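See below for the structure under consideration.
The values are calculated or read from the model by the stated rules, or taken from the named source; none is laboratory data. Here the structure is a predicted model, which is why all the values come from computation and not from measurement. No Cβ is skipped: glycine too gets one built from the backbone with ideal geometry, and neighbour counts run over all protein chains shown. With ligands, DNA and RNA removed, areas are computed over all heavy atoms of the protein, side chains included. Shrake-Rupley method; radii C 1.70, N 1.55, O 1.52, S 1.80 Å.
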Amino acid sequence: MAKILNLQEEEHLVNMIGDNSITQAIFNYYPQCPKPDHVLGLKAHTDGSIITVNFADALGLQLLKNGVWYNVPIVPNALVMNIGDIMEILSNGFFKSLVHRVVTNAEKERLSLVLVYSLDLETELEPVSEMVDDKRPARYMKIKLNDYMEKYHDTYATGTLAIEGVKI
C-alpha cells in the first residue's frame, strides 16, 4: 500500500505497527433466517481499523456504492480485505473505508472469521506527511486513536460514521 501511495519509505505503514498495536479475531455466527428481510445481521458501518480481513462461508456481506447495496460474492478459500478508517486518514483519502453491512441468509447459516488490525491507541492519527501538499491539503484532522475509537463507538450506536467527524 505504501508503494501505491508512492511513499519514500516503503515500510512506513508497517513500521507504524508496534508492540502495542491491536489485532482482534472475531468469530460471527448468523443462523439461517427464514425471513431475512426482517432481520439485519450487522448494521451499516465502516471499520475503525487499518485493514480488516474477512473469511466467510456464505453470502451476507454487502458493500454500499452510490446508494445501492451489492453482495460480496463468496469465492472458495478467498479472503476479503476491507480498508479501514485509519488507512483512509493515513492516506489522506486516497484509500477509502467502505460502508458495509451483513444481512442474514434464507438458505443457509453463515460463519465468518474477521481479523481487525489497528494501531496503538496512543497513536496520533493524521495523514502521512507525503500525502499532503499545496494541491492536496490535509483532509482529516489530527486525533489520537483512542479518542477516534471513542467517537467510532458512539457514532456506531447512532448509525452515523466517525470518519465524517474528522474530515476537514
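Data table
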| item | result |
| --- | --- |
| Residue match in the range 84-96 (condition: in a loop (DSSP other than H, G, I, E, B) and over 20 Å from V14 (Cα atoms)) | no |
| Test: residue in the range 1-9 that is out of contact with any Pro (no Cβ under 7 Å at 6 or more places or on another chain), in contact (Cβ under 8 Å) with a residue 12 or more places away in the chain and within 26 Å of H153 (Cα to Cα) | no |
| Single unsatisfied condition, E164 versus (1) open to solvent by less than 50 Å² (accessible area, probe 1.4 Å); (2) without any contact (Cβ under 8 Å) to a residue 12 or more places away in the chain; (3) under 28 Å from L7 (Cα atoms) | (1) |
| Residues within the range 9-29 that are open to solvent by 80 Å² or more (accessible area, probe 1.4 Å), within 19 Å of the chain's Cα centre (by Cα) and not aliphatic (A, V, I, L, M), tallied | 3 |
| Evaluation of F55 against (1) outside any strand (DSSP E or B); (2) open to solvent by 30 Å² or more (accessible area, probe 1.4 Å) (one fails), failing number | (1) |
| Selected residue (criterion: most open to solvent (accessible area, probe 1.4 Å)) from residues of the range 103-146 that are free of Cβ contacts under 8 Å to residues at least 24 places away in the same chain and not in a strand (DSSP E or B) | K135 |
| In the range 73-102, the residues that are touching a residue at least 24 places away in the same chain (Cβ under 8 Å) and surrounded by fewer than 20 Cβ atoms within 10 Å (Cβ to Cβ) | L79, V80, M81, G93, F94, F95, L98, V99, R101 |
| Matching entry among L42, L113, L90 (being within 17 Å of A162 (Cβ to Cβ) and at pLDDT 95 or above) | L90 |
| Flag if Q32 is surrounded by 11 or more Cβ atoms within 10 Å (Cβ to Cβ), out of contact with any Ser or Thr (no Cβ under 6 Å at 6 or more places or on another chain), outside any strand (DSSP E or B) and not acidic (D, E) | yes |
